[in-house]
Amino acid sequence: MSSPTPLRVLIGFSPRSASDDLLNSMALALSAALDRPIQIELMPGELGAKAARALIASPADGNTLLVATFGTHAINPNLRTDLGYDPLLDFEPVCLATRSPLVLGTRLPVTSVQALIELGLKQTLTYGSSGVGSAPYLAGLLFEKLTGVTLVHQAYPDTRELYVALAQGGLDLSFNNAATMLPEVRTGTLRALAVTTAQRSAALPDVPTLEEAGLSGYALNNWLGFVAPKGTAPAAVAVLNGAIAAALKAPQPQALLSENGIEAMAGTPTQFARHLADERARWAWLRG
């Protein structure tokens, strides 16, 4: 009897990214739900675009998925015309998996968003992200748009280097994933000034939202989902959707999500398709 074909899951980011952490926490449960092994492949490059192109070049046989992110399917397509893929036409939506806040963290001698804005109106501040087109990058652009503060962007493809720069004072602030920011906040390395979502995070209940801090209309959810190559059979998509939803309820991913204030979604493929279209349209102002 031949062994079952592994499910390849492509991730367009470096080790210990939010995508990688989530998939590693889900792997055993997802493998059990599908009765097949899970093969995680990291393909960092162009903020996920390299992995996205690899997915659309893969057979539409239900054996390959991509972790789609806010960056790969909402931001990058509104910033670039040379991605080599269309976020709405070249994929089969499978499942929106999670959504979470970004956390505004800093070591600057300020204790509120308003104090940060006052400082930023007097001097140029630096902020870091994994690169142009990432959710933390967009969070900075939105902050500039709503405050008049000038932020100079610095890219750190390896998130670990970003946190070293923040801790050593080579970088003023960052809007980053709760999963990677919270350990820095809990140890006192960084101060959390706000979260980017419309509601406060359960992991940081005393930290205000940016809207509560005075930035009317500021709301940004960082999200992860799964897409398959265009043409993947609806039956295969349905099986994958059900397995992902089941895996998100397993103890290990539930512990990760709860600890980091991340919300499990696990909706239908149709709901995810609508979400992708809404997000593409919402951030169309990035095209200029």
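The values are calculated or read from the model by the stated rules, or taken from the named source; none is laboratory data. This is a predicted model, so every value here is computed, not measured. Note: ideal-geometry Cβ built from the backbone for every residue, glycine included; neighbour counts use all protein chains shown.
The table below gives the values:
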quantity	calculated
Residue satisfying condition, being in contact with a helix residue (DSSP H, G or I) (Cβ under 7 Å, 6 or more places away or on another chain), closer than 27 Å to Leu286 by Cβ and of a type in the set (Asp, Glu), within set Glu92, Glu46	Glu92
Condition met for Leu88 (touching a Phe, Trp or Tyr at 6+ places or on another chain (Cβ under 8 Å) and of a type in the set (A, V, I, L, M, F, W, C))	no
Qualifying positions in segment 260-288 - at pLDDT below 95 and farther than 23 Å from Ser134 by Cα	Gly267
Inter-residue pairs, beta-carbon under 6 Å, first on the phi > 0 side of the Ramachandran plot and not assigned by TED's automatic domain parsing to the domain that holds Leu116 and in segment 176-199, second at pLDDT 95 or above and of a type in the set (Lys, Arg), 6+ apart	none
Every pair of residues 6+ apart whose Cβ atoms lie under 6 Å, when the first sits in segment 249-269 and is over 22 Å from Arg200 (Cβ atoms) while the second is in a helix (DSSP H, G or I) and of a type outside the set (Phe, Trp, Tyr)	Ala250/Ala29; Gln252/Ser25; Pro253/Ser25; Pro253/Met26; Ala266/Ala245; Ala266/Leu248; Pro269/Val237; Pro269/Asn241
Condition check for Thr126: of a type in the set (Val, Ile, Thr) and under 18 Å from Pro269 (Cα atoms)	no
Odd one out for Ala277 among (1) under 29 Å from Asp158 (Cα atoms); (2) out of contact with any helix residue (DSSP H, G or I) (no Cβ under 7 Å at 6 or more places or on another chain); (3) assigned to a helix (DSSP H, G or I); (4) not assigned by TED's automatic domain parsing to the domain that holds Tyr163	(1)
Any hit, segment 202-218, residues being in the same structural domain as Ala51 (by TED's automatic domain parsing) and among the polar types (S, T, N, Q)	no
Top-ranked residue of segment 162-204 - restricted to ones that are exposed (fewer than 15 other Cβ atoms within 10 Å of the Cβ) and in a helix (DSSP H, G or I), ranked as nearest to the chain's Cα centre (by Cα)	Pro183
Any hit, segment 89-99, residues being β-branched (Val, Ile, Thr), loosely packed, with under 14 Cβ neighbours inside 10 Å and modelled with pLDDT of 95 or more	no
Helices (runs of 4 or more DSSP H) completely within segment 1-82 that count 2 or more residues being under 18 Å from Val94 (Cβ atoms) and in contact (Cβ under 8 Å) with a residue 40 or more places away in the chain	18-34, 49-56
Which listed residue, of Leu83, Leu47, is at pLDDT below 95, surrounded by fewer than 24 Cβ atoms within 10 Å (Cβ to Cβ), over 16 Å from Leu240 (Cα atoms) and in contact with a Pro (Cβ under 9 Å, 6 or more places away or on another chain)	Leu83
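Residue by residue, here is whether (1) surrounded by 18 or more Cβ atoms within 10 Å (Cβ to Cβ); (2) touching a residue at least 24 places away in the same chain (Cβ under 8 Å); (3) part of a strand (DSSP E or B) holds:
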{"residue": "Gly214", "(1), (2), (3)": "no, yes, no"}
{"residue": "Gly217", "(1), (2), (3)": "no, yes, no"}
{"residue": "Phe226", "(1), (2), (3)": "yes, yes, yes"}
{"residue": "Gly231", "(1), (2), (3)": "no, yes, no"}
{"residue": "Ala235", "(1), (2), (3)": "no, no, no"}
{"residue": "Ala243", "(1), (2), (3)": "yes, yes, no"}
